[in-house]
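Notes follow once the structure below has been shown.
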Amino acid sequence: MIGAPDELRQLFDRLFIATPHAAALRRECFIGIRAGGDRLALRLSELAGLEKRCRVVPLPGCDPALLGLAGIRRRLVPVYDLAALLGCEGTAGNDWRWVGLCWSAGLLLGLAFDMQEDFIQTASTDAQAIVGNGPAREHIHEIMSVSGKAGQVQGVVSVASILAAITQRARGAAAREETGKHGA
C-alpha cells in the first residue's frame, strides 16, 4: 500500500500530460452564408476563393441555374445560382452578392449566394452526418450547431456534390443537344 499514493500521483500527472483525442484537435473552417433565404455553411477547404458581386453576362438558352459568365482572375468563369442548385424556394436571381469559387476537373466555377454572414471555426467532430435527407436537400450531407449562437443549426453544403450535379446537368444538356441535331 505504500506505493499507492505514488502510483496515484503518477496517474494524475499522466492525465494532464496526455494529449486530447486527435479528432478533437482538428479544426475546420466554414463560412456561414444565406442562399435563397436558407442559412447554410460552406467548408473553406472546398473553396478556391470568394469574390464580391461581379458582372455576369447571361447566356441565352442555358441551364436555368447558370447565371452566366464572369471575368474573374483573368478567366471566364461560369457562375451558378447556388440556391437554384439546392432547390431553395427563393433563388438568388439578381440579388446575389457573393461568388464562392471552386475547381472542378481543371475548370474554375462560381457558386453565387445572397450573403456571407460569418466565419466559423469549429472542431471537426461538430458537423454531424444527416441520414435520409431526401432529394430536396441532396447536396446537404451534414448539419452543425454554431457555437455562441443559441439553437442555430446550419446545413453544410457539399461542394463536391454540387459540382457533380453541375457536371451531370451539363452532360445531359450536351446529350439532348446532340440528339436534337441528329433528330432534325
Inset, instruction - Express in nm, to one decimal, how much length is gained between Arg27 and Thr122 on full extension, taking 0.36 nm for each residue of separation and deducting their alpha carbon distance. - result: 33.7 nm
Inset, instruction - Starting from the amide H of Tyr80, placed 1.01 Å from N in the peptide plane, find each other amide H under 5 Å away whose residue is 5 or more places distant or on another chain. - result: Leu67, Gly110, Leu111, Ala112
Legend entry - Approximate spin-label separation Glu51-Ser145, in nm, with each point projected 7 Å along Cα-to-Cβ: 3.9
Legend entry - Under 10 Å, Cβ to Cβ, from Ala35 - net charge with Lys/Arg +1 and Asp/Glu -1: -1
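Any read-out appearing in this document is the output of simple, stated calculations on the displayed coordinates, not a laboratory observation. The structure presented is a predicted model; accordingly, all values stated were derived computationally and were not measured. All Cβ positions, even for glycine, are placed from backbone atoms using ideal geometry, and neighbour counts span all protein chains on display.
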